[in-house]
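Structure, as structure tokens:
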Amino acid sequence: MAGKVTDDRFPLREPTREHSGSASAAVADEPAGLPGVHRLHSAAMMAELLGVPAAALRHWVRGGLLAPVRRSGSLEWFDFPQLVVGRHLARLLAGGLSLREIDAKLAGLAPGGATAAARVAERIVTDGRRLSIRDGERLLGAGGQLQFSFYTEPLESPGRPRGGPPAILPGWPPDGGPEPLVAGGPQPASDEAAEILDLADDLEAAGEFAEAAEALRAVLQAQGPTAPVMFMLAELLYRAGDLTAARERYYATIEIDADHLQARASLGCLLMELGEHELALAALEGVLRQEPEYADAHWHVAAVLTALGREPEARHHLRTFLALAPDSPWAAAARERLR
């Protein structure tokens, strides 16, 4: 594609899955850890670590199966316990269940519905497309029905994702789960709109981009333009390879919500792919002025500065990125660049 940055030292939107070097390697000039989001995972990092599309992560957050521990406007961060829950959900998705099937099957497994079941997902075992939850020596299905344990296997039996410690979760959590440290999460949609958004998530996760886009446009037509849905459509168009349409939707998102930092960051990445480096840098630096602890933006700024030949400044942003997100899937690549 004309104008696309081909330097693979900085994956633009999704980091490479092939990491070189030790994940714990120290960098001599790495600054001290920063407060706030240090060692938390952004939504993009979570999706990469789980190996799921961003639509799946948004779906689980919207349904309460995952809960960000910090929010700042449109930005969300997740801690390690949420990563563990996400790993179990990702295995269900990889096992052939759709996002809506996962919701429905989890809903009947535990008191408190799907949200409570997700938080103790290490106790869920599978038998084909049937899910049960382990209660001591017993297996309970939907509605608490006793199940036989033949042909069932733990959800985590295929093996943990590379680079992660074993899942250790407490027992049944209190109702409600963790509250975000900063308010400003997405507003709930109407029941009909929420159902269409769930359908769009399923279609996107299955790679049916055109159909998913039509579903999102239907929501926009029904309830009017909103920044969250406009942003979802922009991300979907980007994944489908329609960069021009995606750029316009990112701009439209920012016109609706000037503080939608995810849209500004994604727009910066898209402009970089199109070779518009100065505009990309302006967009990303604007993000950092509002949220200096957003590690993803530091990573992308470093990529733009490198493309512009401003290597010392790029190294500064790489060091800041590592201080904020030392466990990021991009960390090994950042350390390699600094070496």
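Throughout, read-outs are computed from the coordinates displayed, never taken from laboratory work. Predicted, not measured: the structure shown is a model, and the values here were computed from it. Note that we place each Cβ from the backbone using ideal geometry, even for glycine, and neighbour counts take in every protein chain shown.
Structural remarks
- Label-to-label distance, nm, for residues given as A194 and A222 (7 Å Cα→Cβ offset): 1.3 nm
- Full-stretch length increase - E311, A282 - with 0.36 nm per residue and alpha-carbon distance subtracted: 8.7 nm
- Its Cα centre serving as origin, the range 214-327 has a Cβ charge dipole (Lys and Arg +1, Asp and Glu -1) of approximately 80 debye.
- In the range 36-88, the ratio of gyration radius to Kirkwood radius, Rg to Rh, stands at 0.91 when only Cα atoms are counted.
- Burial ranking of peptide ranges 47-54, 305-312 (average Cβ count within 10 Å, highest at the top): 47-54, 305-312
- For the range 225-308, projected area of the alpha-carbon convex hull averaged over all directions, nm²: 4.9 nm²
- Computed lengthening from A94 to T244, 0.36 nm per intervening residue step minus Cα-Cα distance: 50.9 nm
- Theoretical FRET efficiency, 1/(1+(r/R0)^6), r = Cβ-Cβ of R339 and R289, R0 51 Å, to 0.05: 0.95
- Segment A258-A206, extension gain: residue separation times 0.36 nm, minus the distance between their alpha carbons: 15.6 nm
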